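A.B. asks: Let me give you the structure first, and then I'll get to my questions.
The values are calculated or read from the model by the stated rules, or taken from the named source; none is laboratory data. Quick caveat: nothing in here was measured; it's all calculated off a predicted structure. FYI the Cβ positions are ideal-geometry reconstructions off the backbone, even for glycines, and counts take in every protein chain you see. SASA here: full protein model, heavy atoms, side chains in, ligands and nucleic acids out. Shrake-Rupley method; radii C 1.70, N 1.55, O 1.52, S 1.80 Å.
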Amino acid sequence: MREVAVIGCGMTKFGELWKKSLRDIFVEAALKAIDDAGVDHIESMYVGSMTPGLFVGQEHIGALMADYLGVAPIPAVRVESACCSGGMALRLGFFEIASGYSDLVLVGGVEKMTDGADVTYALASAADQDYEVYHGITFPGLYAMIAKAHMHHYGTTRKQLAAVSVKNHYNGSFNPNAQFPKEVTIDQVINATLVADPLTVLDSSPVSDGAACAILVSMDLAKKLNKPVIKILGSGAATDALALHTREDITTLKAVKDSAESAYKMAGIKPSDVSFAEVHDCFSIAEICIIEELGFVKKGQGGPFTEKGNTSLEGKIPVNPSGGLKSKGHPVGATGIAQVVEVVEQLKGNAGKRQVKNAKIGLAQNMGGSGASSVTHIFQI
Amino acid sequence: MPSPGYRREMPQRYRLEAAKCKKCGKVSFPPRLVCSGCGSREFDKTKLSDNGKIVTYTTIRVAPAQFTTQVPYSIAIVEVDNGVRITTQVVDCKPEDLEIGKKVKLVFRKLYSEGHTGIICYGYKAILI
Ligand SMILES: [Zn+2]
């Protein structure tokens with residue numbers, strides 16, 4: 001396999017972008033990435049999006065985006081793996097270049113969630129329709145059941161869950177692209193409106209519009225372009241049972257663990273080599289489970305580890321310096337690529353007040369549904 | 001849930017029909033074509049026990065459109081006696097009555113009415129015992 005690098009990135013602000021359409025926000029992010037990379041063409045394109053069909057009634061967006069970006073007739077395809085559609089788009093672009101087939105590929109993600117669709121219903125389509133959703137479960141409900149089990153088995157506290165949101169909102173307060181760039185307190189999180197017990201609205205990532213794109217090139221081409229080169233050291237993906245109740249252990253996100261292990265193996269590194277990570281904190285409990293699966297802390301210890309500040313900007317392993325899905329926003333298909341945008345900013349040392357010190361190796365972990373699919377990438381400057 | 005799909009799932013929803021692997025004995029609910037335990041493709045028809053215990057639970061306060069009239073309602077992952085787990089509502093009790101490990105029994109109930117046609121969708125729910 002050939003070496004692959006990221007040489008340009010771009011994203012829209014995340015939030016309720018009522019004045020912009022699905023195609024507008026994607027093209028805006030794509031143009032930013034193309035301009036950032038300083039390239040005059042792309043050879044193919046992968047567009048991650050979870051369910052534009054349910055959110056705005058539009059499918060077939062690979063071709064649509066190629067048309068509106070003015071790059072048709074290049075091959076372009078939409079990639080779907082629920083909330084990790086973006087991360088999977090990156091993985092496909094990575095392999096297209098690694099294989100030697102292409103030298104210059106755009107990978108992106110987009111979602112338009114605030115146009116009036118039943119968002120709870122649309123998101124629930126990532127769970128088992130016949131045996132979970134039929135009985136009235138929702139995504140907050142699934143993660144709430146993971147939280148209850150984690151609290152029961154490991155003694156994780158309500159306050160420890162809240163500490164994830166407090167930390168991510170603090171980081172996000174320095175991110176100009178964040179949907180909610182403001183701090184929250186432990187009490188605010190705990191006393192906010194309940195969505196699914198014990199999770200409140202401030203344990204949950206928001207409903208957002210947004211897009212993010214990255215330009216991938218072969219290392220040979222990267223060297224000619226005379227730009228800072230961020231190398232992709234490893235890519236790992238995995239799946240698990242779609243229905244949460246079918247999994248062996250409710251508190252273990254096995255696909256996350258498996259995807260991370262393959263990425264570490266390809267990169268030839270161990271968890272302690274990672275300088276910082278962007279992870280899929282769709283709910284506060286998710287970040288606690290993920291840092292355990294990524295090997296940053298022992299299983300069951302994610303709560304106290306977070307509460308003690310180990311994952312803060314100055315901590316042992318900063319997690320979600322961007323503000324994460326919680327503060328930055330979570331336009332589901334865009335999230336996996338927005339993580340890459342942050343990793344690249346951090347590795348280049350351009351992250352301003354939220355800059356992680358000595359950022360050499362960054363990890364991005366993106367997952368779908370209640371953890372039935374996960375993709376992990378490792379980057380190095 | 002379109003009606004043909006609803007009809008198709010009736011053996012599971014009405015009668016808790018499951019498939020038991022002829023090779024390793026693992027029970028799959030709903031039935032599968034390939035055993036998730038050993039990869040075998042041969043099964044015997046079986047029925048889930050209607051007794052179980054709560055593995056984890058929550059109370060849903062923001063629901064999809066077809067359930068909005070029912071909020072708040074409690075949902076649990078229930079492990080039935082033969083080791084299979086299912087997701088189901090727990091009814092005829094208050095949210096604060098639920099606990100991990102509590103015993104439940106599966107009963108046949110209405111779940112919701114389907115869209116504009118108003119077809120009533122039935123299935124299993126759990127009650128505390
Ligand atoms: Zn078997």
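A.B. asks: Counting partner chain Cβ atoms within 10 Å of every residue's Cβ in A:146-152, what's the average?
C.D. replies: Whole-number average of other-chain Cβ neighbours for A:146-152 is 4.
A.B. asks: Ranked highest first by the average count of other Cβ atoms within 10 Å around their residues, in what order do A:303-311, B:61-69 fall?
C.D. replies: Top of the packing list down: A:303-311, B:61-69.
A.B. asks: Just the accessible area for A:Leu92, please: 1.4 Å probe, Å², rounded to the nearest 10?
C.D. replies: 80
A.B. asks: Percent antiparallel among DSSP beta bridges with both residues in segment A:241-381, to the nearest 5?
C.D. replies: 65
A.B. asks: Compare A:Gly136, A:Gly62, A:Gly324 in a GNM of chain A, Cα atoms joined below 10 Å, and give the one with the largest fluctuation.
C.D. replies: Evaluated over chain A, the most mobile residue of the options is A:Gly136.
A.B. asks: While we're on this one: If you plug each phi of segment B:53-64 into the Karplus form 6.51 cos²θ - 1.76 cosθ + 1.60 with θ = phi - 60°, what whole-Hz ³J(HN,Hα) values come out, in order, with x for Gly and Pro?
C.D. replies: 9, 6, 8, 7, 7, 7, 10, 7, 10, 10, 10, x
A.B. asks: Which lysines have a Cα less than 16 Å from the Cα of B:Lys45, not counting those fewer than 8 places away in the same chain?
C.D. replies: Partners found: B:Lys20, B:Lys22, B:Lys23, B:Lys26.
A.B. asks: Sort A:205-214, B:101-110 for me by packing, meaning the mean count of neighbouring Cβ atoms within 10 Å per residue, highest on top.
C.D. replies: Result, highest mean first: A:205-214, B:101-110.
A.B. asks: So, one more: List the residues of segment A:271-294 whose backbone N lies under 19 Å from a point placed 7 Å from the Cα of A:Lys316 along the Cα-to-Cβ direction.
C.D. replies: A:271-279, A:287-294
A.B. asks: In this model, which of A:Lys316/A:Lys348; A:Lys224/A:Lys270; A:Lys231/A:Lys357 are farther than 25 Å apart at the alpha-carbon?
C.D. replies: A:Lys224/A:Lys270
A.B. asks: Let me ask something additional. Per-residue accessible area for A:His330 at 1.4 Å probe radius, Å² rounded to 10?
C.D. replies: It works out to around 10 Å².
A.B. asks: How large is the charge dipole for chain A, taken about the Cα centre, if only the Cβ atoms of Lys, Arg (+1) and Asp, Glu (-1) carry charge, to the nearest 20 debye?
C.D. replies: 1200
A.B. asks: So who's got an amide H within less than 5 Å of the one on A:Gly234, skipping anything under 5 residues away but keeping other chains? H placed 1.01 Å off N, in plane.
C.D. replies: A:Ile378
A.B. asks: Tell me, what HN-Hα J-couplings in whole Hz come from the Karplus equation 6.51 cos²θ - 1.76 cosθ + 1.60 at θ = phi - 60° for each residue of segment A:51-56, using x for Gly and Pro?
C.D. replies: Taking θ as phi minus 60°, the curve returns 8, x, x, 7, 6, 9 Hz for segment A:51-56.
A.B. asks: Rounded to the nearest 20 Debye, what is the dipole magnitude of segment A:243-381 about its Cα centre when Lys and Arg each give +1 and Asp and Glu each give -1 at the C-beta?
C.D. replies: Charge dipole, segment A:243-381, about its Cα centre: 320 debye, nearest 20.
A.B. asks: Does chain B come out rounded, prolate or oblate by the C-alpha gyration tensor, with a ≥ b ≥ c the root eigenvalues, rounded set by a/c under 1.5 and, if not, prolate when a/b is larger than b/c and oblate if not?
C.D. replies: Oblate.
A.B. asks: On to the next question. Other chains' Cβ within 10 Å of B:9-21 residues: what's the mean?
C.D. replies: 1
A.B. asks: Now a separate question. So in chain B, which Cys have no other cysteine's beta-carbon sitting under 4.7 angstrom from theirs?
C.D. replies: So, B:Cys93, B:Cys121.
A.B. asks: Could you sort the peptides A:252-258, A:354-360, A:32-38 by per-residue average Cβ neighbour count (10 Å cutoff), highest mean leading?
C.D. replies: Packing order, densest peptide first, comes out as A:252-258, A:32-38, A:354-360.
A.B. asks: Same structure again: What lysines sit close enough to A:Lys19 to cross-link, taking a C-alpha to C-alpha distance under 21 Å and skipping anything fewer than 8 places away on the same chain?
C.D. replies: A:Lys32, A:Lys112, A:Lys328
A.B. asks: Per DSSP H run of at least 4 residues, take -39500 (n - 2.57); add these up for the protein assembly as shown, divide by its residues and hand me the 222 nm value, nearest 500 deg cm²/dmol.
C.D. replies: Taking each H run of at least 4 residues, the total per residue is -9000 deg cm²/dmol.
A.B. asks: Given points 7 Å out from each Cα along the Cα-Cβ axis, report the B:Lys45 to A:His152 separation in nanometres with one decimal.
C.D. replies: So the label points at B:Lys45 and A:His152 sit 3.3 nm apart.
A.B. asks: How many Cβ atoms of partner chains, on average, are near each residue of A:123-132 if near means within 10 Å of its Cβ?
C.D. replies: What the average comes to for A:123-132 is 3.
A.B. asks: Roughly what % of DSSP beta bridges within the protein assembly as shown run antiparallel, to the nearest 5?
C.D. replies: Roughly 80 percent of the DSSP beta bridges within the protein assembly as shown come out antiparallel.
A.B. asks: Still on this structure, please answer the following. Need one word for segment A:249-381: rounded, prolate or oblate. Basis is the Cα gyration tensor (sqrt eigenvalues a ≥ b ≥ c); a/c below 1.5 gives rounded, then a/b vs b/c decides.
C.D. replies: Rounded, because the longest to shortest axis ratio a/c is under 1.5.
A.B. asks: As a test of reading the structure, rank A:Ser322, A:Ser173 by solvent-accessible area (1.4 Å probe, protein chains only), most first.
C.D. replies: Solvent-accessible surface, decreasing: A:Ser173, A:Ser322.
A.B. asks: Show the residues, 5+ positions off or on another chain, whose built amide H is closer than 5 Å to the amide H of B:Ala126.
C.D. replies: Those lying under 5 Å, H to H, from B:Ala126 are B:Gln89, B:Val90, B:Val91, B:Val107.
A.B. asks: Another one. What's the FRET efficiency of A:Val201 with A:Asp130 using the Cβ-Cβ distance as r and R₀ = 25 Å, to the nearest 0.05?
C.D. replies: 0.30
A.B. asks: When a/c is below 1.5 the answer is rounded, else prolate if a/b is larger than b/c, else oblate, so apply that to chain A with a ≥ b ≥ c taken from the square roots of the Cα gyration tensor eigenvalues.
C.D. replies: Here chain A falls in the prolate category.
A.B. asks: With every protein chain left in place and a probe of 1.4 Å, what is the accessible surface of A:His152, to the nearest 10 Å²?
C.D. replies: 110
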